[in-house]
Amino acid sequence: MTPIYRLGTALYHRAIHLYGKLGNQQAAQWVAGREEQITPPKPSGKQRVWMHCASLGEWEQGRPVLDELQRRLPDWEFVLSFFSPSGYEKSKGLDLVDHVLYLPPDSPTNAEAWVRELAPDLALFVKYEFWFFHLQALHRSGVPTWLVAASFRPGQLFFKPYGGWYRRMLPFFTGIILQTEAARQLLNQAGKYPRKRTFVAGDPRMDRTRSLTTIPFSDPLIEAFCARRPTIIAGSVWPQDMAVWEEVWDQVSDHWNIIFAPHQLNEADLALTQVQWKGVRYTTATLKDVASNNVLILDTIGMLSKVYRYGRVAYVGGGFKTGLHNTLEPMAYGLPTIFGPNHEKFPEAAVAIAAGGAFSISDGEDLLNSLHTLQDEELWQEAHQAQMTTSELSAGAGRRTADIVLAGLAN
């Protein structure tokens, strides 16, 4: 299997080079960034932490852990690496770490050279980054290596009868710190990984998400819009989400206002949405406009996480497409949250559903039933309290993760 993996990764890297030459910007950045990169030597007398994330989403999970480690290891140097250009480009100017780098392509030669030159004293991989040769090189060099904010699902190759080669990567980790007890049980079953080396700490993103709710924010236009009636904040929506809302809106629009925050801000799509929904756009609306309309289109970037504080109910998009977007932001405000069926890769969604604060829907009828449920004050309060409790229980995951890692270093 190892030769097949080497061939597969080599072909994948060649394909990225080809796409770069054909004009794909991300592919060109992926190639150029690695070709121009020089591994920074470790300063004499310093110890070094290396954290690796696939992209920005994983960095959001890793950051609270890194923040806590920096607080408790003030004399150590911190290196952050990414696989994707999107993560690297948006993080390369960070003052938070000493170096931001690209992960070299996974091969025996690259991995051994990287570990030798970078010389980390501690390595942290975030969520589900499994690069065989990099992990093997760290293991052979005796570097304590942890998988943090880890997430496992039954359908992954680790748990298939033919997944033996993938399971070979698991012992390369000193320990695995998981988001949920269900993931821990899955990993421990049938001896896939020893229980004494697995830990549950929660999702570190919750720390940062909860901290954002304490930052003062006021917007007179949003306040005026939401003051008139209960408001649904529909965040990161795709056309597939909008289609489900179109099925039910006429039946619920007398009770609710709604704010749509499209995941992609394409001018043609925004204009079409405005016409179809007879709504107003945030960037051009006046107080008079929002006073006479119950559909507002949030056609700007960077506001959604703040706007949730004005909502009564949240809808999070992506569940009718490739995968769910951020459900932790509305949870931090205690908003009962609705989303589509494609959420199996997101353990936080399952936790919220089990607690009673979130509702998974498959079609317009399910959406209508959920909204009717949440019109009942007593049932809304139950869902609201469930979200608040789940958020509070998740708080401190970054600190708990750092505690486990540092205890491992001390042993």
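Observations on the model:
- In the chain, helical runs assigned H by DSSP with n ≥ 4 each contribute -39500 (n - 2.57); averaged across all residues and rounded to the nearest 500, the mean residue ellipticity at 222 nm is -14000 deg cm²/dmol.
- Ranked list, fewest to most other Cβ atoms within 10 Å of each Cβ, for Ser362, Ser236, Ser86: Ser362, Ser86, Ser236
- Correct option for Kirkwood radius over Cα pairs in Å [calculated from the coordinates] among (i) 24.3; (ii) 23.7; (iii) 23.1: (iii)
- Each label was represented as a point 7 Å from its Cα along the Cα-to-Cβ direction; for Gln26 and Gln375 these points are 4.1 nm apart.
- Residue pairs exceeding 31 angstrom between C-alpha atoms, taken from Lys21/Lys345; Lys92/Lys160; Lys92/Lys127; Lys127/Lys306; Lys127/Lys196; Lys278/Lys306: Lys21/Lys345; Lys92/Lys160.
- Cα-based shape type of the range 92-232, given that a ≥ b ≥ c are square roots of the gyration tensor eigenvalues and the cut on a/c is 1.5: oblate
- Cα long-axis angle, helix 267-277 against the chain (0 to 90 degrees, to the nearest 10): 40 degrees
- Three-way shape call for the range 332-379 based on the alpha-carbon gyration tensor, with the a/c threshold at 1.5: oblate
- Separation of the Leu221 and Trp165 label points, Cα + 7 Å toward Cβ, nm: 5.4 nm
- Using θ = phi - 60° in the Karplus curve 6.51 cos²θ - 1.76 cosθ + 1.60, the 3J(HN,Hα) couplings for the range 52-58 round to 10, 10, 5, 7, 5, x, 5 Hz; x is entered for Gly and Pro.
- Rounded if a/c under 1.5, otherwise prolate or oblate - the range 1-52, Cα gyration tensor axes: oblate
- Sequence-distant contacts, meaning Cα pairs under 8 Å at least 6 residues apart, place the relative contact order of the range 211-309 at 34 percent.
- Of interest is the spacing of the C-alpha centroids, which for the range 100-125 and the range 210-233 amounts to 44 Å.
- Overall, the range 284-394 carries a charge dipole of about 440 debye about its Cα centre when +1 sits on the Cβ of Lys and Arg and -1 on the Cβ of Asp and Glu, all other atoms neutral.
- Taken over the range 215-394, the convex hull of the Cα atoms encloses 109 Å³ per residue.
- Rounded to 0.05, the FRET efficiency of the Arg195 and Leu157 pair, given R0 = 22 Å and the Cβ-Cβ distance, is 0.55.
- Mean Cα-pair separation over length for the chain, i.e. relative contact order, pairs under 8 Å, 6 or more apart, %: 13 percent
The numbers here are math on the coordinates, done by the rules we state, and not lab data. What you see is a predicted model; the values in this text were computed from it and never measured. Glycine also receives a Cβ, built like all others from the backbone with ideal geometry; neighbour counts cover every protein chain displayed.
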